[in-house]
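The block underneath contains the structure these notes are about, expressed in structure tokens.
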Amino acid sequence: MEKKPDRVTVYVVIVSIIFSLLISRLVYLQIIKGDYYRSVAEDMGGKEILELAPRGEILDRNGVKIATNRQSFNIIYANINQKQKNDEINNILLEVIRIINNNGDGDKINIQNLPIKVEGNNYFFQFNTNSDKLKATLERNFKKKYKIDEDLDAKETFLALEEEFGLSERKDINIDEIQKLISLRLSIKDVGYSQYKTIYIAKNVSRKTAFTIQSKNKDIPGIICKVDPMRYYPNNEVGAAFIGYLGKIDESESDYYKSLGYDISRELVGKLGLEKTLENNKDLNIALRGEPGVRYVQVDKYGRIMKEIAALEPISGDSVKTTIDLKLQKVAEQALQDTMRKISTGEIKTDEPYPNANRGAAVVVDVNTGEILALASTTLRSSPEDPVYNPNLFAETGSIKDPNIVKKLFGDPNDKDIYDLKPKPMFNYATYGSGPPGSTFKPLTAIAGLEENVITPSTIITCKGQYDSYRACWIWNEQHRSHGPVDVSRALQVSCNYFFFELGSRLGYEKFANWTWKFGLASNPQTGELPYTGIEIDEKPGDVSSPFNYKIKNINSAMNNIIEKLATEKYGSIVITKGTQEYKIIEQMLMDGEFDESQLEKLQINKNTPSGKKAIDFIRLQVKSFETKANSRGELLNAAIGQGSTLLTPLQMVGYISTLANGGTRYKLHLIKQVLNSDGSVKMDIQPEVISKINLNPNNLAAVKLGMAKVTEEGGTAASAFANFSIPTAGKTGSASVGNAQKKAGRAAYGWYVGFAPVENPKIAVAVVIYDAGHGGYVAGVARSIYEAYFGLNDTVK
């Protein structure tokens with residue numbers, strides 16, 4: 001008798017059959033008919049369209065807009081689909097290109113992805129740089145990115161792209177249209193044919209262009225006219241030095257920004273200044289970049305939006321209220337322009353012509369908080385047509401199309417400009433421009449000498465004009481006479497070099513270095529930590545003269561001398577090339593100050609020959625001489641008057657003067673006052689931060705302030721600039737000389753002025769520098785204009 005299957009067996013069989021049917025159906029749907037159904041889903045599917053968020057605004061301390069946003073009509077392509085054929089894509093894009101061209105917006109089309117320019121029958125690569133080396137690198141990277149043979153020239157590359165995108169046989173398209181089509185096709189290629197990505201066809205087109213395209217929506221599937229926020233700087237170039245600008249995301253940065261959720265094909269990021277620092281700053285908990293929104297839409301097979309399914313609205317980024325007083329900022333920039341023009345044209349009567357007084361900076365600080373009220377860096381405009389560093393130039397696409405403007409703003413890398421003679425509009429002379437401060441450094445030498453008790457406020461040093469065989473007071477050099485007996489206050493008033501040479505000698509390197517570090521001007525003598533001011537944007541602080549800094553400054557000339565001598569027959573005609581191991585061996589000996597004969601074996605110098613022995617003795621002598629000079633008393637004396645290898649930025653100088661003015665409290669210099677949420681509520685208030693406190697004897701401080709006050713009075717070096725000024729001020733001029741080679745090239749002394757006002761209960765400190773101005777007295781008028789604006793004495797700026 002047959003055994004009947006039990007219930008469990010029957011159940012298992014039934015379930016197995018059901019699963020077999022399901023698996024068979026899945027195989028059919030996903031594998032056999034997968035492409036078909038995937039195509040249907042894409043043709044009548046959903047799409048995400050990223051909605052860019054407005055960047056947070058940058059405001060001045062009074063809420064006046066420095067950087068904001070305005071609405072921009074942008075044309076995007078949102079039907080990126082790998083199944084589309086070349087002709088299908090090209091015809092859609094061509095129709096849009098012609099609409100945009102016909103409406104006068106052809107220059108708005110995105111052509112940045114194709115770095116090939118065509119002029120007649122000439123094809124050449126064009127990159128926004130003047131460096132031949134960088135051009136070669138960018139060309140190589142472009143070809144590698146798009147898998148183009150590296151050996152092809154510009155024309156061959158262009159023709160290869162024409163072929164790839166199905167344009168080589170098209171007779172109905174002119175060369176301008178082909179260039180634009182190739183650029184757009186490269187943009188599509190960049191996003192990898194992702195159906196959720198979009199690309200810009202054109203940005204910031206006219207309302208007429210936008211409406212024309214919108215009205216032809218059915219004829220150009222996948223083309224969308226969007227209204228997006230675009231960065232706008234209502235004051236143009238004013239404040240550009242600290243604001244910065246926006247630029248495209250570089251290839252080297254793409255992975256990082258992708259990880260943060262950026263649409264690298266559409267979004268711009270901060271490249272300099274606050275725009276860069278606050279782009280997405282986790283440490284400060286500030287992000288100018290907002291949270292993008294997204295629209296979920298249903299599209300038909302032509303990429304046309306059928307309906308919106310859902311939307312997530314974008315959230316604006318954090319807004320930042322800065323410490324800047326925009327009115328004061330405008331005054332500082334205009335005063336620099338006016339003063340540079342007057343010095344360079346001779347309108348200000350100077351001791352000799354200074355035609356190259358065409359770049360400079362000014363920084364204003366609240367001495368009781370460290371808040372930066374103005375930070376100006378500017379170059380002289382020789383005519384109204386001269387391009388200036390205006391962040392609006394970059395706001396649309398993140399770059400400047402005209403290579404001539406690029407060259408004028410960024411400088412020509414092929415022009416070595418070894419004497420730093422040419423003005424660079426994009427260079428921040430306030431935070432990066434370190435130069436010898438000259439006599440503006442003397443108040444610090446004075447306070448160091450007083451606090452270390454090597455002098456008192458009443459100590460008299462008799463100026464004899466000539467101090468030693470190598471140095472003398474300026475009055476001796478110019479008039480062959482002396483200042484006679486002077487105390488510290490009088491020495492500051494008349495800027496007596498002799499007095500401060502002697503003061504430096506009495507202090508010695510160790511004590512001198514300690515005080516320069518305390519005021520934030522030098523590296524920490526114990527740890528070697530570099531000086532800093534605390535500012536949020538990038539800076540490159542200078543340093544005060546020291547044996548190490550002397551070596552850094554003079555190592556090249558010392559090595560050139562050694563190489564030149566060793567190459568002569570006397571020393572065996574030893575040829576050493578810069579960058580080689582042999583070069584580095586000698587260079588390291590000079591930097592260490594230690595001669596090591598065993599290392600010279602690597603130079604193949606035979607010590608048993610007369611010429612070899614002479615070469616070894618010569619190198620030994622040069623190492624010893626270099627070390628002696630680096631630690632010489634003379635280098636210290638030069639440092640005491642702000643010369644030698646001392647190089648400082650205006651930002652550092654205003655920090656030290658602010659510390660002196662307020663009695664010894666060194667504040668972190670800062671640009672951010674308050675951070676606001678997207679709804680306008682306060683996210684955080686930034687409080688003044690004390691870096692350190694220096695205990696200064698009130699009598700010593702009073703003696704230095706008295707001397708600085710006398711500088712601006714009759715008989716002082718800035719008396720003419722402050723004649724009949726109603727508020728008592730204190731200051732110091734500086735005329736930092738340059739070397740003979742620089743003079744021959746057209747350079748002249750730096751014109752410095754530092755000061756604070758009022759003398760009693762100071763409110764603000766100022767540092768001003770104009771390169772090649774000849775004398776600090778010629779630039780002191782910039783400080784006067786700033787004081788007039790701050791204290792409301794000449795309230796004409798809007």
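Restricting the first member to segment 677-689 and to residues that are more than 10 Å from GLU371 (Cα to Cα), and the second to residues that are open to solvent by 80 Å² or more (accessible area, probe 1.4 Å) and not charged (D, E, K, R), the beta-carbon pairs closer than 7 Å and six or more apart or on different chains are SER678/ILE315.
Note on segment 132-158: residues that are open to solvent by 80 Å² or more (accessible area, probe 1.4 Å), more than 19 Å from PRO403 (Cβ to Cβ) and part of a helix (DSSP H, G or I) amount to 5. Where strands (runs of 3 or more DSSP E) fall entirely within segment 294-397, those with at least 3 residues that are open to solvent by 30 Å² or more (accessible area, probe 1.4 Å) and within 29 Å of LEU52 (Cβ to Cβ) are at 305-312. Scanning segment 429-453 for residues that are of a type in the set (S, T, N, Q) and surrounded by 24 or more Cβ atoms within 10 Å (Cβ to Cβ) turns up THR431, SER439, THR440, THR445. When segment 574-585 is limited to residues that are touching a helix residue (DSSP H, G or I) at 6+ places or on another chain (Cβ under 9 Å), not hydrophobic (A, V, I, L, M, F, W, C) and not in a loop (DSSP other than H, G, I, E, B), the one that is farthest from SER557 (Cα to Cα) turns out to be GLN581.
Consider GLN643 carefully, then state whether it is over 30 Å from ASN554 (Cβ atoms) and part of a loop (DSSP other than H, G, I, E, B). It is false that GLN643 is over 30 Å from ASN554 (Cβ atoms) and part of a loop (DSSP other than H, G, I, E, B). Could you please let me know if GLU253 is part of a loop (DSSP other than H, G, I, E, B), within 20 Å of the chain's Cα centre (by Cα) and more than 30 Å from GLY104 (Cα to Cα)? Considered against the rule, which asks whether it is part of a loop (DSSP other than H, G, I, E, B), within 20 Å of the chain's Cα centre (by Cα) and more than 30 Å from GLY104 (Cα to Cα), GLU253 comes out as no.
Which residue, of GLN526, GLN588, is over 30 Å from LEU375 (Cα atoms), without any contact (Cβ under 8 Å) to a residue 12 or more places away in the chain, in a loop (DSSP other than H, G, I, E, B) and not β-branched (Val, Ile, Thr)?
On the way: GLN588 fails: in a loop (DSSP other than H, G, I, E, B).
The conditions single out GLN526.
For segment 667-722, the set of residues classified as aliphatic (A, V, I, L, M), assigned to a strand (DSSP E or B) and more than 22 Å from ALA757 (Cα to Cα) consists of ILE672, VAL675, LEU676, VAL682, MET684, ILE691, listed by residue number. Filtering GLU478, GLU452 for residues that are at pLDDT below 95, acidic (Asp, Glu) and under 29 Å from VAL766 (Cβ atoms) leaves a single hit, GLU478. Report yes if some residue within segment 631-640 is in contact with a helix residue (DSSP H, G or I) (Cβ under 7 Å, 6 or more places away or on another chain), among the polar types (S, T, N, Q) and buried (at least 22 other Cβ atoms within 10 Å of the Cβ); otherwise report no. There is no residue in segment 631-640 that is in contact with a helix residue (DSSP H, G or I) (Cβ under 7 Å, 6 or more places away or on another chain), among the polar types (S, T, N, Q) and buried (at least 22 other Cβ atoms within 10 Å of the Cβ). In segment 690-718, the residues that are more than 16 Å from CYS496 (Cα to Cα) reach residues that are acidic (Asp, Glu) with C-beta atoms within less than 8 angstrom, at least six apart or across chains, in these pairs: LEU696/GLU451; ASN697/GLU451; ASN700/GLU451.
Here is a yes/no grid of residues against (1) modelled with pLDDT of 70 or more; (2) among the β-branched types (Val, Ile, Thr); (3) open to solvent by 60 Å² or more (accessible area, probe 1.4 Å):
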{"site": "ARG38", "(1), (2), (3)": "no, no, yes"}
{"site": "GLU42", "(1), (2), (3)": "no, no, no"}
{"site": "LYS83", "(1), (2), (3)": "no, no, yes"}
{"site": "ASN86", "(1), (2), (3)": "yes, no, no"}
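The residue that is farthest from the chain's Cα centre (by Cα), counting only those in segment 538-555 that are at pLDDT 95 or above and surrounded by fewer than 21 Cβ atoms within 10 Å (Cβ to Cβ), is LYS540.
Between LYS613, LYS607, LYS624, LYS602, the distinction of being open to solvent by 50 Å² or more (accessible area, probe 1.4 Å) and modelled with pLDDT of 90 or more belongs to LYS624 only. Of the residues screened, LYS422 is one that is free of Cβ contacts under 8 Å to residues at least 12 places away in the same chain, open to solvent by 20 Å² or more (accessible area, probe 1.4 Å) and either not in a loop (DSSP other than H, G, I, E, B) or not assigned by the TED database to the domain that holds VAL704 (or both).
Checked against the criterion of being under 28 Å from GLY663 (Cβ atoms), outside any strand (DSSP E or B) and in contact (Cβ under 8 Å) with a residue 24 or more places away in the chain, the candidates GLY792, GLY731, GLY777 yield just one match: GLY777.
The values are calculated or read from the model by the stated rules, or taken from the named source; none is laboratory data. A quick note: this is a predicted structure, and the numbers were derived from the prediction, not measured. FYI the Cβ positions are ideal-geometry reconstructions off the backbone, even for glycines, and counts take in every protein chain you see. Only protein heavy atoms, including side chains, enter the accessible area calculation; ligands, DNA and RNA are left aside. Shrake-Rupley method; radii C 1.70, N 1.55, O 1.52, S 1.80 Å.
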